[in-house]
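First up is the structure itself, then whatever we jot down about it.
The values are calculated or read from the model by the stated rules, or taken from the named source; none is laboratory data. All figures in this text were calculated on a predicted structure; none of them were measured in a lab. Ideal geometry is used to build each Cβ from the backbone, glycine not excepted, and the neighbour counts take in all protein chains shown.
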Amino acid sequence: MAISFSAKAQENIKILRFEDVITIAKTQSPDGLVAKNKYLGSYWKYRSYKASYMPMLTFDGTLPNINRSISKITLSDGSEIFKEQRSADYSLQMSLSKIIGITGGQLFLNSGIQRLDLYDNSTMTSTSYLSTPVSVGYRQPIFNYNPYRWERKIEPILYDEAKQSYIEDREQLSIKAANLFFDLLDAQIRANIARINQANNDTLYKIAQGRYNLGKIAENELLQLELSLLNSNLQVEQTRNDVEVTHFKLKSFLGMRGDEKIELVIPKHMPDYKVDATKAIAEARSNSSEVLSYQRKLLEAQSSVNKAKMENRFNANLYAMYGLTQSAIEFANAYKNPQDQQQLSLGIQIPILDWGLARAKIKMAQSNEELVNTQVAQQKIDFDQQILIKVMQFNMQHTQLTIAAKADTIGEKRFEVTKARYMIGKVDITELNIAMTEKDRATQDYIAALRSFWNTYYEIRKLTLFDFVENKQLGVDFDSLK
């Protein structure tokens with residue numbers, strides 16, 4: 001490929017290869033940081049889910065709770081009067097609790113102490129203590145919807161989905177970086193072509209002026225060359241503006257600051273291999289976050305059906321507690337000879353008349369489950385078809401790229417030959433303009449073929465999360481992100 005950029009007098013120029021742009025995009029671009037923080041949000045959500053199943057130790061204290069009020073009291077003779085009462089109570093409690101995910105219940109262990117002070121005006125009249133050295137209990141919903149059971153199925157899939165999505169986001173960064181790279185590369189090449197064409201048209205116009213003065217060409221041909229020179233001057237200005245715009249977009253995406261200018265190197269090396277469609281589909285089904293999302297959606301739909309069924313029928317809640325307790329006027333005696341205490345309660349809820357509300361909710365959930373099943377089945381087919389199309393496109397890209405490179409070389413040579421023949425009067429201006437136009441189009445077609453090749457390359461990597469060059473799955477050191 002015969003393309004070269006003219007030397008510039010600017011000193012602050014940064015030369016970037018295609019691989020450099022991809023690396024910078026993944027490591028320091030703002031979009032890369034967004035993808036990282038998106039993953040970290042999912043990571044901490046998963047950590048929160050895991051932590052919720054660990055034993056929780058809490059401390060509760062009231063220091064103090066002061067009460068001054070007028071209330072009704074009953075005297076020894078049975079009569080009632082209103083009297084001002086003043087009191088202050090203090091309490092300390094340590095609690096250890098754990099969720100039992102399989103059943104949806106909660107096991108707890110408590111220990112605490114309470115103190116009550118009674119006052120008459122400003123004088124303390126009595127103090128008493130109530131201790132609970134230890135109490136153990138269990139709360140259990142019976143026949144109720146158990147969210148923990150479904151969390152244990154869905155949350156790990158959500159986290160795996162987040163990890164695979166992060167790898168896919170990195171490949172999407174490569175796709176975006178590739179597009180911006182070739183936007184700037186195309187603009188720089190068009191600007192370079194415009195400068196070369198300007199120089200060629202200026203030379204041809206000066207030669208034509210001499211030939212016109214000698215009567216060897218018609219005025220119409222001279223005017224046409226002058227118009228071509230004016231158009232090439234305009235093209236130089238337009239392409240210079242395009243370079244500035246695309247240059248700013250690429251620098252902004254890469255998170256590059258400063259006044260340095262970027263100049264790109266045309267990528268020469270392209271992986272030369274064919275992708276096996278069967279292997280690509282197998283890897284995508286094994287690695288893609290989209291496939292994980294299918295599993296998650298089905299489980300979420302099943303969970304909604306289970307919730308609708310369990311929450312709109314006979315429900316019961318069991319509470320059982322056994323512990324030791326003692327009261328005393330002195331703190332030292334509050335823990336002596338504690339008495340046992342037990343509590344057992346079973347609460348029930350039976351819907352009698354709901355005007356079909358429960359049945360409607362169940363039918364809605366079942367209908368949604370059927371819809372999700374149908375959508376997921378179609379999405380699986382579309383997903384496989386998308387991979388087949390991308391593989392077919394990629395396997396054609398290398399041949400198309402080779403042809404485009406050859407056409408570019410031929411277009412360059414043809415223009416040079418046509419230009420030389422025009423200067424000796426063997427061809428007319430029309431044929432020269434056609435050769436110049438086809439040369440420029442061939443160059444731009446080659447850059448477009450390069451863009452298409454690398455886009456398809458990274459799209460297949462994103463869909464399959466597999467590196468077909470290294471023959472291994474794409475991965476990330478997630479521990480280094482935390």
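Annotations for the structure displayed:
- Unmet criterion (only one of (1) over 30 Å from S228 (Cβ atoms); (2) modelled with pLDDT under 90; (3) outside any loop (DSSP other than H, G, I, E, B)) for I196: (1)
- Qualifying residues in region 283-334 (those that are in contact with an Asp or Glu (Cβ under 9 Å, 6 or more places away or on another chain) and part of a strand (DSSP E or B)) - the one surrounded by the fewest Cβ atoms within 10 Å (Cβ to Cβ): Y322
- The residue list R195, R170, R152 contains one member that is more than 30 Å from I262 (Cβ to Cβ) and basic (K, R), which is R152.
- Condition met for K268 (of a type in the set (D, E, K, R) and in the same structural domain as Q397 (by TED's automatic domain parsing)): yes
- Top-ranked residue in region 414-465 [being of a type in the set (A, V, I, L, M) and not in a helix (DSSP H, G or I); ranked as surrounded by the fewest Cβ atoms within 10 Å (Cβ to Cβ)]: I424
- Taking region 356-392 as the range and being basic (K, R) and within 25 Å of the chain's Cα centre (by Cα) as the test, the residues that pass are K380, K390.
- Qualifying residue in region 205-213 (condition: buried (at least 20 other Cβ atoms within 10 Å of the Cβ), in a helix (DSSP H, G or I) and within 43 Å of the chain's Cα centre (by Cα)): no
- Subset tally (residues that are touching a residue at least 40 places away in the same chain (Cβ under 8 Å) and either more than 15 Å from E290 (Cβ to Cβ) or outside any helix (DSSP H, G or I) (or both)) for region 372-387: 1
- Qualifying positions in region 335-393 - under 30 Å from P133 (Cα atoms) and surrounded by 14 or more Cβ atoms within 10 Å (Cβ to Cβ): Y335, P338
- Some residue of region 230-242 being assigned to a helix (DSSP H, G or I) and within 30 Å of T27 (Cβ to Cβ): yes
- Options L40, L96, L92; residue that is more than 30 Å from D477 (Cβ to Cβ), in contact (Cβ under 8 Å) with a residue 40 or more places away in the chain and not β-branched (V, I, T): L96
- Odd one out for Y119, checked against (1) touching a residue at least 60 places away in the same chain (Cβ under 8 Å); (2) hydroxyl-bearing (S, T, Y); (3) outside any loop (DSSP other than H, G, I, E, B): (1)
- Subset tally (residues that are without any contact (Cβ under 8 Å) to a residue 12 or more places away in the chain and under 25 Å from D440 (Cα atoms)) for region 197-224: 5
- Qualifying residue in region 260-272 (condition: surrounded by 15 or more Cβ atoms within 10 Å (Cβ to Cβ) and part of a helix (DSSP H, G or I)): no
- Condition broken by Q343, with the remaining ones in (1) within 24 Å of Q140 (Cα to Cα); (2) within 37 Å of the chain's Cα centre (by Cα) satisfied: (2)
- Options Q302, Q341: the member that is closer than 23 Å to L158 by Cα, among the polar types (S, T, N, Q) and not assigned by TED's automatic domain parsing to the domain that holds A162: Q302
- Residue within region 248-256 that is surrounded by fewer than 19 Cβ atoms within 10 Å (Cβ to Cβ) and not in a helix (DSSP H, G or I) present: yes
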